[in-house]
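All remarks here apply to the structure that follows.
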Amino acid sequence: MVMNFGNLGRWWVGGAMFVSLAGAPVWVAPGFAQALRQGMFVKAEHPTQGTAKIVTAGGKTFVEFDQKFKTDAGPDLQVILYRQATVPIGGLKAEDYVTLGKLQKTQGQQRYAIPANVDVSRYQSVAVWCRQFNATFGFAKL
């Protein structure tokens, strides 16, 4: 299987990832997480900090939060990919995001699988979002 990551210069052939450095393909060892995009969290409704990355590892794609990630506790917190670079504080519409899962913890490193049928190139940010009150706690432009 060959997966093209657009102008990022990365692609998969079989189970091996290749990246393009100065136009020449270089093999990346299987199991090695390769960051495709990243951004710093900013506050929306609540203080939120740390870095979010989209990474590939073992032929799968994930959103990862670094060890410096921190946000407030709240009800029904979800991790979402959002279509625009800036996520509104409230009023999100279902067609503008995809849910990756319940927030695992309010601080520290964590990883969320991106379903294979999700085209990550269509999403420009990741957010911590309260589904119950349709409120964005914080987001990172990717």
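Under the condition of being farther than 17 Å from Ala85 by Cα and touching an Asp or Glu at 6+ places or on another chain (Cβ under 9 Å), which residue from the range 29-56 is least open to solvent (accessible area, probe 1.4 Å)?
Within the range 29-56, the match that is least open to solvent (accessible area, probe 1.4 Å) is Val55.
On the stretch given as the range 92-142, residues that are farther than 15 Å from Gly74 by Cα, touching a strand residue (DSSP E or B) at 6+ places or on another chain (Cβ under 8 Å) and open to solvent by 50 Å² or more (accessible area, probe 1.4 Å) total 8. Could you check the range 57-76 and list, in sequence order, the residues that are open to solvent by less than 10 Å² (accessible area, probe 1.4 Å) and either aliphatic (A, V, I, L, M) or more than 18 Å from Leu100 (Cα to Cα) (or both)? Answer for the range 57-76, where residues must be open to solvent by less than 10 Å² (accessible area, probe 1.4 Å) and either aliphatic (A, V, I, L, M) or more than 18 Å from Leu100 (Cα to Cα) (or both): just Val63.
The residues of the range 77-87 that are open to solvent by 50 Å² or more (accessible area, probe 1.4 Å) and under 17 Å from Lys43 (Cα atoms), listed by number, are Gln84, Thr86. The set of residues from the range 73-95 being touching a residue at least 24 places away in the same chain (Cβ under 8 Å) and not hydrophobic (A, V, I, L, M, F, W, C) comprises Gly74, Pro75, Asp76, Gln78, Tyr82, Arg83, Gln84, Thr86, Pro88, Gly90, Gly91.
The values are calculated or read from the model by the stated rules, or taken from the named source; none is laboratory data. These figures come from a predicted structure and were not determined experimentally. Please note: Cβ atoms are built from the backbone with ideal geometry, for glycine as well, and neighbour counts cover all protein chains shown. For accessibility, only protein heavy atoms count, side chains too; no ligands or nucleic acids. Shrake-Rupley method; radii C 1.70, N 1.55, O 1.52, S 1.80 Å.
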